Amino acid sequence: MQQDVDIMKLNPRDQQIFSAVMNMYCNGEGLPVPSTKIAKLKSMAVCSATVRNAMARLEKVGLLYSPHTSAGRVPTDEGFNYWFDEFFPLSDIASYWEPEQAQLVELAHGLSQKYQVCCCVGLPQVSSQHVFRVEVLDFDSTDWLILLIDRAGQSHNICIDKPHDASDTVRYQFATWLNTVFSQQTLMEGLYRMQAMANTAPKNCHDSLTQWTRQLSQKLGSDNSIVVGENYLYKKINCEQSLNIGVSFLNFVEDALAFKNGVSVISGKKLPFSECNDLITISVPYFQNQEYQSRFCIICPKSAQIEQIIQEFKLIESSNS
């Protein structure tokens with residue numbers, strides 16, 4: 001039966017050896033770490049017997065275990081928890097992070113490809129963003145494309161069905177009316193104004209206005225997230241179930257990590273993947289104008305290059321300061 005980890009039982013050498021085991025295990029391969037490999041590190045200056053004795057003590061307190069005889073050691077769930085608690089100032093990393101939306105998307109793709117991990121990112125709640133101008137484009141034979149553009153030049157693009165009279169004149173009139181409705185308003189306020197100002201819309205648009213309002217409302221009110229690199233997980237872990245990573249997963253993480261700032265980690269059986277205990281989630285909340293928006297989550301095997309991934313958020317923090 002594993003004992004609770006008591007830091008007073010770990011002398012500096014045991015902590016050093018434990019850290020070395022974690023770094024070697026979390027290198028993308030996840031192989032058991034033998035004592036001979038630890039002893040060869042330049043920073044150690046100890047023999048294999050000393051390392052084996054330290055590993056035995058680490059196993060006794062529940063930080064490591066041996067999958068089979070003479071196989072080396074691998075970290076337990078308690079070992080991972082101890083590693084994160086004692087070796088990383090997680091709550092101080094990327095505290096009150098305020099990225100641009102383009103940075104979120106770029107970072108998700110970059111980290112996914114570099115470390116072969118899955119990134120799940122909740123995008124800003126569009127209903128609270130302000131509209132600077134509206135454009136209506138002739139998209140194809142059946143749709144107009146509405147561009148709701150903010151001051152930063154970012155737009156929310158929504159297709160709506162064309163009215164019976166879809167001439168350029170009617171389209172320009174409708175664009176002018178939408179600019180009156182949405183200008184300097186939040187997207188949600190603009191939807192309310194569309195309903196309240198319906199009688200002032202161009203006559204040729206009246207029949208379609210209810211349908212358009214519903215289409216806009218469904219699009220703007222929908223949950224918004226991106227998932228990158230999910231295929232990496234299925235290649236690296238033995239999991240037959242669908243992991244269902246997306247908005248529902250983000251909701252789970254938000255509930256589990258409510259009010260926690262900086263980097264947080266959820267590992268093993270605490271994740272909503274009943275058959276996949278070899279995964280962990282590294283999560284960072286992000287803000288706009290000091291208001292919470294959503295979370296940036298990295299889902300990866302426990303053997304992933306975790307320390308390097310956490311270091312990426314340190315680099316982000318220093319580049320933004």
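The values are calculated or read from the model by the stated rules, or taken from the named source; none is laboratory data. For clarity, every value in this text was computed on a predicted model and none was experimentally measured. Cβ: placed from backbone, ideal geometry, glycine included. Neighbour counts: every protein chain shown. Side chains are part of the model used for accessible areas, which takes the heavy atoms of the whole protein and leaves out ligands, DNA and RNA. Shrake-Rupley method; radii C 1.70, N 1.55, O 1.52, S 1.80 Å.
Numbers below:
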read-out	value
Out of Val121, Val126, Val51, Val134, sole residue that is hydrophobic (A, V, I, L, M, F, W, C), modelled with pLDDT under 90 and open to solvent by less than 70 Å² (accessible area, probe 1.4 Å)	Val126
Residue within segment 223-233 that is open to solvent by 60 Å² or more (accessible area, probe 1.4 Å), under 25 Å from Lys114 (Cβ atoms), part of a helix (DSSP H, G or I) and of a type in the set (Ser, Thr, Tyr) present	no
Some residue of segment 154-161 being open to solvent by less than 70 Å² (accessible area, probe 1.4 Å), outside any strand (DSSP E or B) and either closer than 30 Å to Ala304 by Cα or in contact (Cβ under 8 Å) with a residue 24 or more places away in the chain (or both)	yes
One residue from Ser112, Ser155 being small (Gly, Ala, Ser), in contact with a strand residue (DSSP E or B) (Cβ under 8 Å, 6 or more places away or on another chain) and at pLDDT 80 or above	Ser112
Test: residue in segment 172-180 that is of a type outside the set (Ser, Thr, Tyr) and part of a strand (DSSP E or B)	no
Evaluation of Ile298 against (1) at pLDDT below 90; (2) crowded, with 20+ Cβ neighbours inside 10 Å; (3) not hydroxyl-bearing (Ser, Thr, Tyr) (one fails), failing number	(1)
Filtered residue count, segment 235-262, keeping only those that are part of a loop (DSSP other than H, G, I, E, B) and closer than 13 Å to Ser294 by Cα	7
Pair list, Cβ under 6 Å, 6 or more apart: segment 25-45 residue more than 16 Å from Glu307 (Cβ to Cβ), other residue small (Gly, Ala, Ser)	Pro32/Ala71; Pro32/Gly72; Pro34/Gly72; Ser35/Ser48; Thr36/Ser48; Ile38/Ala20; Ala39/Ser48
Hits in segment 162-213 (condition: among the aromatic types (Phe, Trp, Tyr) and crowded, with 17+ Cβ neighbours inside 10 Å)	Phe174, Trp177, Phe182, Trp212
Exclusive hit being open to solvent by 50 Å² or more (accessible area, probe 1.4 Å) and either within 25 Å of Gly262 (Cβ to Cβ) or not basic (Lys, Arg) (or both), set Pro67, Pro32, Pro99	Pro67
Subset of segment 273-295 that is open to solvent by 10 Å² or more (accessible area, probe 1.4 Å) and under 18 Å from Asn81 (Cβ atoms) - its residue that is modelled with the highest pLDDT	Asp278
